[in-house]
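Okay, structure first, notes after.
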Amino acid sequence: MAITFLKRLLCPCGSALLVTLVASAACAGPKLFESQEVTPPGEYTFGIEGPAVDRDGSLFVVNFGKQGTIGKLAPGSASSEKYLDLPEGSVGNSIRFARDGTMFVADYKKHNIFQIKRGSLEPEVYFHADDMSQPNDMTIARDGTIYASDPNWKARSGRIWRIAKAADGSVQGQVMTAARSMGTTNGIDLSPDEKTLYVSESNSGQIWAYEVRGNELTSARALKTFHADTVDGLRTDTAGRLLIARIQKGKIAVMQADGALQREVDLQGREPTNLAFGGADGKTVFVTQRRGGFIEAFRTDHEGREHCLQRPGCQGQATP
(Lines give C-alpha, C1' and ligand atoms only; values in the text may rest on other atoms or scores of the structure.)
Protein backbone atom coordinates (compact mmCIF):
# COMPACT_ATOMS: atom_id res chain seq x y z
CA MET A 1 0.00 0.00 0.00
CA ALA A 2 2.83 2.40 0.89
CA ILE A 3 4.61 2.06 -2.46
CA THR A 4 1.36 2.33 -4.43
CA PHE A 5 0.46 5.50 -2.56
CA LEU A 6 3.86 7.10 -3.22
CA LYS A 7 3.70 6.27 -6.92
CA ARG A 8 0.32 7.93 -7.06
CA LEU A 9 2.02 11.14 -5.89
CA LEU A 10 4.25 11.53 -8.97
CA CYS A 11 3.71 15.09 -10.10
CA PRO A 12 2.50 15.38 -13.71
CA CYS A 13 3.64 18.98 -14.14
CA GLY A 14 7.26 19.22 -15.21
CA SER A 15 9.69 16.70 -13.81
CA ALA A 16 8.58 13.73 -11.72
CA LEU A 17 8.53 15.11 -8.24
CA LEU A 18 7.10 13.31 -5.25
CA VAL A 19 4.73 15.89 -3.92
CA THR A 20 2.68 16.39 -0.77
CA LEU A 21 4.43 13.82 1.41
CA VAL A 22 8.02 14.28 0.37
CA ALA A 23 8.45 17.16 -2.07
CA SER A 24 6.87 20.35 -3.41
CA ALA A 25 3.27 21.22 -2.70
CA ALA A 26 2.98 23.01 -6.05
CA CYS A 27 1.13 20.11 -7.69
CA ALA A 28 -2.13 18.52 -6.69
CA GLY A 29 -2.00 15.56 -4.36
CA PRO A 30 -4.16 13.73 -1.84
CA LYS A 31 -6.89 15.65 -0.07
CA LEU A 32 -6.10 17.32 3.22
CA PHE A 33 -6.41 15.21 6.36
CA GLU A 34 -6.60 11.87 4.50
CA SER A 35 -3.95 9.58 5.94
CA GLN A 36 -2.17 6.73 4.15
CA GLU A 37 0.62 4.32 5.07
CA VAL A 38 4.04 5.37 3.78
CA THR A 39 6.24 2.55 5.12
CA PRO A 40 5.60 -1.19 5.30
CA PRO A 41 4.49 -2.80 8.58
CA GLY A 42 7.08 -4.31 10.87
CA GLU A 43 10.01 -1.99 10.20
CA TYR A 44 9.90 -0.64 13.76
CA THR A 45 9.37 -2.26 17.14
CA PHE A 46 6.45 -1.74 19.53
CA GLY A 47 8.55 1.18 20.83
CA ILE A 48 8.19 3.22 17.63
CA GLU A 49 8.20 6.86 18.74
CA GLY A 50 9.87 10.23 18.60
CA PRO A 51 9.47 11.24 14.94
CA ALA A 52 11.34 14.35 13.82
CA VAL A 53 12.25 15.79 10.41
CA ASP A 54 15.57 17.51 9.72
CA ARG A 55 16.12 20.51 7.47
CA ASP A 56 16.87 18.20 4.52
CA GLY A 57 13.46 16.54 4.80
CA SER A 58 14.54 13.18 6.23
CA LEU A 59 12.33 11.66 8.90
CA PHE A 60 13.98 10.03 11.92
CA VAL A 61 12.17 7.58 14.21
CA VAL A 62 13.40 5.55 17.19
CA ASN A 63 13.60 1.76 17.46
CA PHE A 64 14.08 0.60 13.89
CA GLY A 65 14.29 -3.19 13.79
CA LYS A 66 15.21 -3.44 17.46
CA GLN A 67 15.22 -1.28 20.58
CA GLY A 68 18.04 1.23 20.92
CA THR A 69 18.28 2.25 17.27
CA ILE A 70 17.20 5.20 15.14
CA GLY A 71 15.71 4.70 11.68
CA LYS A 72 15.73 7.14 8.78
CA LEU A 73 13.14 7.64 6.05
CA ALA A 74 14.71 9.68 3.25
CA PRO A 75 12.58 11.98 1.08
CA GLY A 76 10.94 9.97 -1.67
CA SER A 77 11.61 6.61 -0.04
CA ALA A 78 8.92 4.06 0.79
CA SER A 79 11.02 2.21 3.37
CA SER A 80 13.29 3.15 6.27
CA GLU A 81 16.90 2.25 6.90
CA LYS A 82 18.95 2.10 10.08
CA TYR A 83 20.61 5.42 10.82
CA LEU A 84 22.53 4.60 13.98
CA ASP A 85 22.70 2.61 17.21
CA LEU A 86 22.51 4.35 20.58
CA PRO A 87 25.04 3.32 23.26
CA GLU A 88 24.47 -0.09 24.83
CA GLY A 89 21.45 -0.12 27.16
CA SER A 90 20.02 3.18 25.93
CA VAL A 91 16.59 3.33 24.28
CA GLY A 92 15.27 6.46 22.62
CA ASN A 93 11.75 7.81 23.02
CA SER A 94 11.90 11.28 21.47
CA ILE A 95 13.89 13.14 18.81
CA ARG A 96 14.05 16.88 18.22
CA PHE A 97 16.21 19.11 16.03
CA ALA A 98 17.71 22.44 17.06
CA ARG A 99 17.96 25.32 14.61
CA ASP A 100 21.61 24.49 13.86
CA GLY A 101 20.69 20.93 12.84
CA THR A 102 21.78 19.21 16.05
CA MET A 103 19.68 16.15 16.80
CA PHE A 104 18.63 15.59 20.42
CA VAL A 105 17.45 12.16 21.56
CA ALA A 106 15.71 11.40 24.87
CA ASP A 107 17.00 8.11 26.32
CA TYR A 108 14.37 6.94 28.78
CA LYS A 109 16.33 3.91 29.98
CA LYS A 110 19.56 5.62 31.03
CA HIS A 111 18.10 9.06 31.90
CA ASN A 112 20.10 10.86 29.22
CA ILE A 113 19.52 13.39 26.54
CA PHE A 114 21.98 12.77 23.72
CA GLN A 115 23.12 15.26 21.14
CA ILE A 116 24.20 14.20 17.67
CA LYS A 117 25.77 17.10 15.83
CA ARG A 118 24.93 17.70 12.20
CA GLY A 119 27.18 15.57 10.03
CA SER A 120 28.03 13.18 12.87
CA LEU A 121 26.79 9.72 13.78
CA GLU A 122 28.20 9.78 17.33
CA PRO A 123 25.71 10.30 20.19
CA GLU A 124 27.19 12.43 22.99
CA VAL A 125 25.60 12.86 26.42
CA TYR A 126 24.24 16.40 26.49
CA PHE A 127 22.44 16.08 29.83
CA HIS A 128 22.04 13.34 32.42
CA ALA A 129 20.10 13.26 35.69
CA ASP A 130 19.94 10.23 37.99
CA ASP A 131 16.70 11.49 39.53
CA MET A 132 14.86 11.56 36.22
CA SER A 133 12.23 8.86 35.85
CA GLN A 134 12.70 8.85 32.07
CA PRO A 135 12.80 11.42 30.08
CA ASN A 136 9.88 10.86 27.67
CA ASP A 137 9.09 13.54 25.09
CA MET A 138 10.84 16.84 24.35
CA THR A 139 10.33 20.17 22.67
CA ILE A 140 12.94 22.78 21.86
CA ALA A 141 12.83 26.58 21.73
CA ARG A 142 14.55 28.93 19.29
CA ASP A 143 17.36 29.59 21.76
CA GLY A 144 18.02 25.87 22.20
CA THR A 145 16.25 25.45 25.55
CA ILE A 146 14.84 21.94 25.88
CA TYR A 147 11.67 21.11 27.79
CA ALA A 148 11.29 17.41 28.59
CA SER A 149 8.36 15.52 30.04
CA ASP A 150 9.28 13.09 32.82
CA PRO A 151 6.42 10.75 33.73
CA ASN A 152 6.45 8.30 36.61
CA TRP A 153 4.04 5.72 35.23
CA LYS A 154 3.88 3.63 38.40
CA ALA A 155 3.02 6.62 40.60
CA ARG A 156 0.84 8.15 37.85
CA SER A 157 2.59 11.46 38.31
CA GLY A 158 5.03 13.55 36.33
CA ARG A 159 7.26 16.58 35.98
CA ILE A 160 8.71 18.89 33.34
CA TRP A 161 12.45 19.53 33.08
CA ARG A 162 13.97 22.70 31.64
CA ILE A 163 17.44 22.08 30.19
CA ALA A 164 19.54 24.97 28.92
CA LYS A 165 23.10 26.22 28.64
CA ALA A 166 24.33 28.53 31.40
CA ALA A 167 26.47 31.62 30.80
CA ASP A 168 29.64 29.56 31.23
CA GLY A 169 28.52 27.11 28.54
CA SER A 170 27.64 24.27 30.91
CA VAL A 171 24.32 22.48 30.46
CA GLN A 172 21.99 22.86 33.43
CA GLY A 173 18.72 21.04 34.04
CA GLN A 174 16.01 21.81 36.58
CA VAL A 175 12.57 20.47 37.39
CA MET A 176 10.15 23.27 36.61
CA THR A 177 7.93 24.46 39.42
CA ALA A 178 4.15 24.46 39.03
CA ALA A 179 1.26 25.23 41.35
CA ARG A 180 -0.49 21.95 40.61
CA SER A 181 0.61 18.34 40.90
CA MET A 182 0.93 16.86 37.44
CA GLY A 183 -0.25 13.50 36.19
CA THR A 184 1.76 11.30 33.83
CA THR A 185 3.29 14.01 31.65
CA ASN A 186 3.73 12.79 28.10
CA GLY A 187 3.39 14.83 24.89
CA ILE A 188 4.85 18.32 24.99
CA ASP A 189 5.28 21.33 22.71
CA LEU A 190 5.53 25.12 22.72
CA SER A 191 3.18 27.66 21.19
CA PRO A 192 4.60 29.51 18.16
CA ASP A 193 5.46 32.54 20.32
CA GLU A 194 7.00 30.21 22.94
CA LYS A 195 5.06 31.82 25.78
CA THR A 196 2.91 28.75 26.37
CA LEU A 197 3.90 25.14 27.03
CA TYR A 198 1.36 22.43 26.23
CA VAL A 199 1.49 19.07 28.02
CA SER A 200 -0.63 15.95 27.65
CA GLU A 201 -1.22 13.82 30.75
CA SER A 202 -1.91 10.24 29.77
CA ASN A 203 -3.53 8.97 32.96
CA SER A 204 -6.24 11.65 32.98
CA GLY A 205 -6.50 12.19 29.22
CA GLN A 206 -6.12 15.93 29.80
CA ILE A 207 -4.28 18.56 27.78
CA TRP A 208 -2.81 21.36 29.90
CA ALA A 209 -1.46 24.81 28.97
CA TYR A 210 1.06 26.71 31.11
CA GLU A 211 2.65 30.11 30.81
CA VAL A 212 6.44 29.82 30.77
CA ARG A 213 8.29 32.20 33.09
CA GLY A 214 11.89 31.08 33.34
CA ASN A 215 11.84 27.92 35.42
CA GLU A 216 8.19 28.40 36.46
CA LEU A 217 5.04 27.05 34.87
CA THR A 218 2.21 29.40 35.79
CA SER A 219 -1.46 30.04 34.96
CA ALA A 220 -2.26 26.36 34.47
CA ARG A 221 -5.30 25.78 32.26
CA ALA A 222 -6.96 22.47 31.44
CA LEU A 223 -7.79 22.86 27.74
CA LYS A 224 -9.46 19.54 27.01
CA THR A 225 -10.25 16.23 28.68
CA PHE A 226 -10.26 13.14 26.50
CA HIS A 227 -10.80 9.60 27.77
CA ALA A 228 -8.12 8.44 30.21
CA ASP A 229 -5.03 6.85 28.66
CA THR A 230 -5.91 7.97 25.11
CA VAL A 231 -3.48 10.88 24.60
CA ASP A 232 0.19 10.57 23.71
CA GLY A 233 2.46 12.87 21.70
CA LEU A 234 1.44 16.32 20.48
CA ARG A 235 2.76 19.02 18.18
CA THR A 236 1.79 22.61 17.39
CA ASP A 237 1.54 24.35 14.03
CA THR A 238 2.22 27.94 13.01
CA ALA A 239 -1.47 28.78 13.37
CA GLY A 240 -1.21 27.92 17.07
CA ARG A 241 -3.24 24.72 16.85
CA LEU A 242 -2.37 21.51 18.66
CA LEU A 243 -2.29 18.15 16.90
CA ILE A 244 -2.65 15.32 19.43
CA ALA A 245 -2.04 11.61 18.97
CA ARG A 246 -5.12 9.74 20.24
CA ILE A 247 -3.59 6.38 21.06
CA GLN A 248 -6.12 3.51 21.19
CA LYS A 249 -8.51 5.73 19.20
CA GLY A 250 -6.72 5.75 15.84
CA LYS A 251 -7.04 9.50 15.38
CA ILE A 252 -5.13 12.77 15.43
CA ALA A 253 -7.13 15.48 17.17
CA VAL A 254 -6.70 18.99 15.74
CA MET A 255 -7.45 21.45 18.52
CA GLN A 256 -7.41 25.22 18.71
CA ALA A 257 -5.36 26.94 21.41
CA ASP A 258 -8.51 27.61 23.46
CA GLY A 259 -9.31 23.88 23.62
CA ALA A 260 -11.98 23.84 20.91
CA LEU A 261 -11.78 20.62 18.90
CA GLN A 262 -11.57 21.57 15.21
CA ARG A 263 -11.48 18.08 13.70
CA GLU A 264 -10.27 14.52 14.16
CA VAL A 265 -8.18 12.87 11.46
CA ASP A 266 -8.91 9.18 10.98
CA LEU A 267 -5.76 7.07 10.70
CA GLN A 268 -4.92 3.71 9.15
CA GLY A 269 -3.62 2.37 12.48
CA ARG A 270 -5.30 2.50 15.89
CA GLU A 271 -2.30 3.21 18.13
CA PRO A 272 -0.58 6.45 17.10
CA THR A 273 2.21 7.34 19.51
CA ASN A 274 3.49 10.61 18.12
CA LEU A 275 3.71 12.87 15.09
CA ALA A 276 6.01 15.29 13.29
CA PHE A 277 5.69 17.88 10.54
CA GLY A 278 7.76 17.56 7.38
CA GLY A 279 7.68 17.73 3.60
CA ALA A 280 9.11 20.63 1.64
CA ASP A 281 6.50 23.04 3.01
CA GLY A 282 6.17 21.60 6.52
CA LYS A 283 2.53 20.64 5.94
CA THR A 284 2.93 16.87 5.90
CA VAL A 285 2.21 15.17 9.22
CA PHE A 286 4.04 11.89 9.79
CA VAL A 287 2.50 9.59 12.41
CA THR A 288 4.19 6.66 14.18
CA GLN A 289 1.95 3.63 14.70
CA ARG A 290 2.76 1.29 17.61
CA ARG A 291 0.63 -1.62 16.46
CA GLY A 292 2.25 -2.75 13.22
CA GLY A 293 5.40 -0.65 13.60
CA PHE A 294 4.84 1.59 10.58
CA ILE A 295 4.59 5.25 9.61
CA GLU A 296 1.63 6.91 7.96
CA ALA A 297 1.12 10.49 6.83
CA PHE A 298 -1.43 13.08 5.81
CA ARG A 299 -1.45 16.62 4.49
CA THR A 300 -2.56 19.55 6.63
CA ASP A 301 -3.20 23.23 5.93
CA HIS A 302 -0.55 24.86 8.16
CA GLU A 303 3.18 24.43 8.59
CA GLY A 304 4.43 22.83 11.79
CA ARG A 305 6.16 25.00 14.38
CA GLU A 306 9.16 22.65 14.50
CA HIS A 307 9.53 22.77 10.71
CA CYS A 308 9.41 26.56 10.76
CA LEU A 309 12.02 26.59 13.54
CA GLN A 310 14.61 25.12 11.18
CA ARG A 311 13.75 27.30 8.18
CA PRO A 312 15.71 30.59 7.88
CA GLY A 313 13.48 33.65 8.07
CA CYS A 314 10.43 31.84 9.40
CA GLN A 315 9.10 33.53 12.53
CA GLY A 316 6.28 31.06 13.13
CA GLN A 317 4.14 33.50 15.06
CA ALA A 318 0.46 32.71 15.48
CA THR A 319 -1.96 35.61 15.37
CA PRO A 320 -2.53 36.83 18.98
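Worth a mention:
- Any hit, the stretch 138-147, residues being without any contact (Cβ under 8 Å) to a residue 24 or more places away in the chain and either surrounded by 22 or more Cβ atoms within 10 Å (Cβ to Cβ) or in contact with an Asp or Glu (Cβ under 7 Å, 6 or more places away or on another chain) (or both): no
- Among the residues of this structure, Asp137 counts as one that is closer than 17 Å to Ser202 by Cα, under 20 Å from the mean Cα position of the chain (by Cα) and charged (D, E, K, R).
A quick yes/no check of all residues on (1) touching a strand residue (DSSP E or B) at 6+ places or on another chain (Cβ under 8 Å); (2) within 23 Å of Val62 (Cα to Cα):
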site: Ser219; (1), (2): yes, no
site: His227; (1), (2): no, no
site: Ile247; (1), (2): yes, yes
site: Lys251; (1), (2): yes, yes
site: Glu271; (1), (2): yes, yes
site: Ala280; (1), (2): no, yes
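- Arg213 touching a residue at least 60 places away in the same chain (Cβ under 8 Å) and either open to solvent by 10 Å² or more (accessible area, probe 1.4 Å) or not small (Gly, Ala, Ser) (or both): no
- Test result for Ser79, modelled with pLDDT of 95 or more, within 22 Å of Phe46 (Cα to Cα), in contact with a helix residue (DSSP H, G or I) (Cβ under 9 Å, 6 or more places away or on another chain) and not basic (Lys, Arg): yes
- Qualifying residue in the stretch 239-257 (condition: closer than 23 Å to Ile160 by Cα, of a type in the set (D, E, K, R) and open to solvent by 10 Å² or more (accessible area, probe 1.4 Å)): yes
- Residue in the stretch 176-209 that is surrounded by the most Cβ atoms within 10 Å (Cβ to Cβ), counting only those that are charged (D, E, K, R) and assigned to a strand (DSSP E or B): Asp189
- Any hit, the stretch 75-94, residues being touching a residue at least 60 places away in the same chain (Cβ under 8 Å), crowded, with 21+ Cβ neighbours inside 10 Å and not hydroxyl-bearing (Ser, Thr, Tyr): no
- Breaking point among (1) outside any strand (DSSP E or B); (2) open to solvent by less than 10 Å² (accessible area, probe 1.4 Å); (3) of a type outside the set (Gly, Ala, Ser); (4) touching an Asp or Glu at 6+ places or on another chain (Cβ under 8 Å), for Cys308: (4)
- Residue check for Arg263: out of contact with any Gly (no Cβ under 8 Å at 6 or more places or on another chain) and either of a type outside the set (Lys, Arg) or surrounded by fewer than 22 Cβ atoms within 10 Å (Cβ to Cβ) (or both): yes
- Applying the condition of being assigned to a loop (DSSP other than H, G, I, E, B) and of a type in the set (A, V, I, L, M) to the stretch 247-304 and asking which residue is nearest to the chain's Cα centre (by Cα) yields Ile247.
- Restricting attention to the stretch 111-127, the residues being part of a loop (DSSP other than H, G, I, E, B), touching a strand residue (DSSP E or B) at 6+ places or on another chain (Cβ under 9 Å) and open to solvent by 60 Å² or more (accessible area, probe 1.4 Å) number 4.
- Of all residues in the stretch 101-110 being within 19 Å of the chain's Cα centre (by Cα), under 22 Å from Ser170 (Cβ atoms) and free of Cβ contacts under 8 Å to residues at least 40 places away in the same chain, the one that is surrounded by the most Cβ atoms within 10 Å (Cβ to Cβ): Asp107
- Entry remark, the stretch 28-62: residues being buried (at least 16 other Cβ atoms within 10 Å of the Cβ), not in a loop (DSSP other than H, G, I, E, B) and not hydroxyl-bearing (Ser, Thr, Tyr) number 13 in total.
- Residue in the stretch 296-303 that is closer than 20 Å to Gly101 by Cα, open to solvent by 10 Å² or more (accessible area, probe 1.4 Å), at pLDDT 95 or above and not hydrophobic (A, V, I, L, M, F, W, C) present: yes
The values are calculated or read from the model by the stated rules, or taken from the named source; none is laboratory data. These numbers were taken from a predicted model, which means no experiment stands behind them. Heads up, the Cβs are rebuilt from the backbone with ideal geometry, glycines too, and the neighbour counts pull from every protein chain shown. The accessibility values were calculated without ligands, DNA or RNA, using every heavy atom of the protein model including side chains. Shrake-Rupley method; radii C 1.70, N 1.55, O 1.52, S 1.80 Å.
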